[in-house]
1. How much length would be gained if the chain were fully extended between A38 and K53, taking 0.36 nm per residue of separation minus their Cα-Cα distance, in nm to one decimal?
2. So for R36, R20, what's the accessible-area order with a 1.4 Å probe, most first?
3. Return the sequence-ordered ³J(HN,Hα) values of segment 18-33 in whole Hz as given by the Karplus equation 6.51 cos²θ - 1.76 cosθ + 1.60 applied to θ = phi - 60°, using x for Gly and Pro.
4. Output ³J(HN,Hα) for segment 34-44: one whole-Hz value per residue in order, computed from phi by the Karplus curve 6.51 cos²θ - 1.76 cosθ + 1.60 with θ = phi - 60°, and x for Gly and Pro.
Amino acid sequence: MFSLTEHIKETDRDISVISRKQMMKELNISSSTIYRWAKYNGLPHYKVKNSNKVLFNRDKVQDWLENQK
């Protein structure tokens, strides 16, 4: 299963909110996979008001990933 903490540099571990691009890089998945997980599988995310930007809480995403087993 994916693990955010396996792919995060030690200096970046204190950052709890990450962007879609950061998630794509850290989990080595596509943007369409992230959107599909968010829309159909309940991936926790936050939409920035008046924007198309979506952010993710690293801890909540990690918990979600672990519960998908």
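1. Working: separation 15, 0.36 × 15 = 5.40 nm, distance 1.33 nm.
Between A38 and K53, full extension yields an extra 4.1 nm.
2. Values: R36 115, R20 60 Å².
Result of the area sort, largest leading: R36, R20.
3. Working through the residues one at a time gives 10, 8, 4, 5, 5, 5, 4, 5, 5, 9, 6, 10, 7, 4, 5, 5 Hz.
4. Residue by residue, segment 34-44 yields 4, 5, 5, 4, 5, 6, 10, 10, x, 4, x Hz.
The values are calculated or read from the model by the stated rules, or taken from the named source; none is laboratory data. It should be emphasised that the depicted structure is a prediction, and the values quoted were computed from it without experimental measurement. Quick note on the areas: whole protein, heavy atoms, side chains included, nothing else; ligands and nucleic acids left out. Shrake-Rupley method; radii C 1.70, N 1.55, O 1.52, S 1.80 Å.
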